Amino acid sequence: MRAKVKKSKELKAFELHRNGATRDRGIPFEFTFEEWVAWWVSNLGEDWFNKRGRRKHEYVMARKGDKGPYAPWNVDCKTQSENAREQTKKIRTSKLSEADVRKIYLSRATYSKLARTFGVKVDAVEDIKWKHTWRHITDLLD
């Protein structure tokens with residue numbers, strides 16, 4: 001039997017970031033663990049781990065123009081609210097109909113399967129399920 005090695009919180013965060021980008025969103029992730037930590041330290045200082053996160057005042061690693069890989073040459077350090085504000089500036093046309101949104105919201109399939117079925121990113125499915133988008137439709141389904 002193999003002994004379990006306890007992972008540091010930093011390593012767990014790195015793996016979550018890498019796997020979320022590559023597996024869940026299909027975005028190349030070119031940082032090694034050491035490069036990733038060094039990037040955070042250079043942008044936020046030694047207390048970097050407590051300053052990063054998903055809340056609006058916390059910092060994220062944002063890809064330039066939301067294009068290309070997560071790589072040292074292609075990311076900036078921004079607050080979550082700054083990054084989200086850039087998203088809303090983009091002009092979007094939806095690939096989904098209201099009927100598609102209803103099907104996604106009510107489905108018990110995995111997010112990745114739903115994303116493939118409807119031709120959208122996993123993030124779009126997640127946003128529907130968590131009512132971050134299309135709430136005017138999903139609120140009527142509860």
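The values are calculated or read from the model by the stated rules, or taken from the named source; none is laboratory data. Because the structure is a prediction, the values reported are computed rather than measured. Ideal geometry is used to build each Cβ from the backbone, glycine not excepted, and the neighbour counts take in all protein chains shown.
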Problem set entry | Close pairs (7 angstrom Cβ cut-off, 6 or more residues apart or separate chains): in the same structural domain as Ser42 (by TED's automatic domain parsing) in segment 70-85, of a type in the set (Asp, Glu) anywhere | Tyr70/Glu30; Ala71/Glu30; Pro72/Glu35; Thr79/Glu58; Gln80/Glu58
Exercise. Is there a residue in segment 83-95 that is within 24 Å of Phe14 (Cβ to Cβ) and in contact with a strand residue (DSSP E or B) (Cβ under 6 Å, 6 or more places away or on another chain)?
Worked result: yes
Problem set entry | Cβ-Cβ under 6 Å pairs, at least 6 apart or on other chains, segment 12-35 side in the same structural domain as Val60 (by TED's automatic domain parsing), far side among the aromatic types (Phe, Trp, Tyr) and outside any helix (DSSP H, G or I) | Arg18/Phe29; Ala21/Phe29; Ala21/Tyr70; Thr22/Phe29; Phe29/Tyr70
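From Lys67, Lys95, grab the single residue that is basic (Lys, Arg) and either within 15 Å of the chain's Cα centre (by Cα) or surrounded by 12 or more Cβ atoms within 10 Å (Cβ to Cβ) (or both).
Numbers: Lys95 fails: either within 15 Å of the chain's Cα centre (by Cα) or surrounded by 12 or more Cβ atoms within 10 Å (Cβ to Cβ) (or both).
On inspection, the qualifying residue turns out to be Lys67.
If you scan segment 28-64, which residues turn out to be among the aliphatic types (A, V, I, L, M) and crowded, with 17+ Cβ neighbours inside 10 Å? I'd like the intermediate steps shown before the answer.
Filtering segment 28-64 down to residues among the aliphatic types (A, V, I, L, M) leaves 37-38, 41, 44, 60-62.
Listed by number, the residues that qualify are Val37, Val60, Met61, Ala62.
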Exercise. Counting only residues that are modelled with pLDDT of 95 or more and not in a loop (DSSP other than H, G, I, E, B), how many does segment 19-30 have?
Worked result: 1
For this session: Looking only at segment 48-64, decide whether some residue is of a type in the set (Asp, Glu) and either outside the structural domain of Phe29 (by TED's automatic domain parsing) or in a helix (DSSP H, G or I) (or both).
Result: no
Seminar exercise, completed: Note on segment 119-132: residues surrounded by fewer than 19 Cβ atoms within 10 Å (Cβ to Cβ) and either in contact with a Phe, Trp or Tyr (Cβ under 8 Å, 6 or more places away or on another chain) or without any contact (Cβ under 8 Å) to a residue 24 or more places away in the chain (or both) are Glu126, Asp127, Lys129, Trp130, Lys131, His132
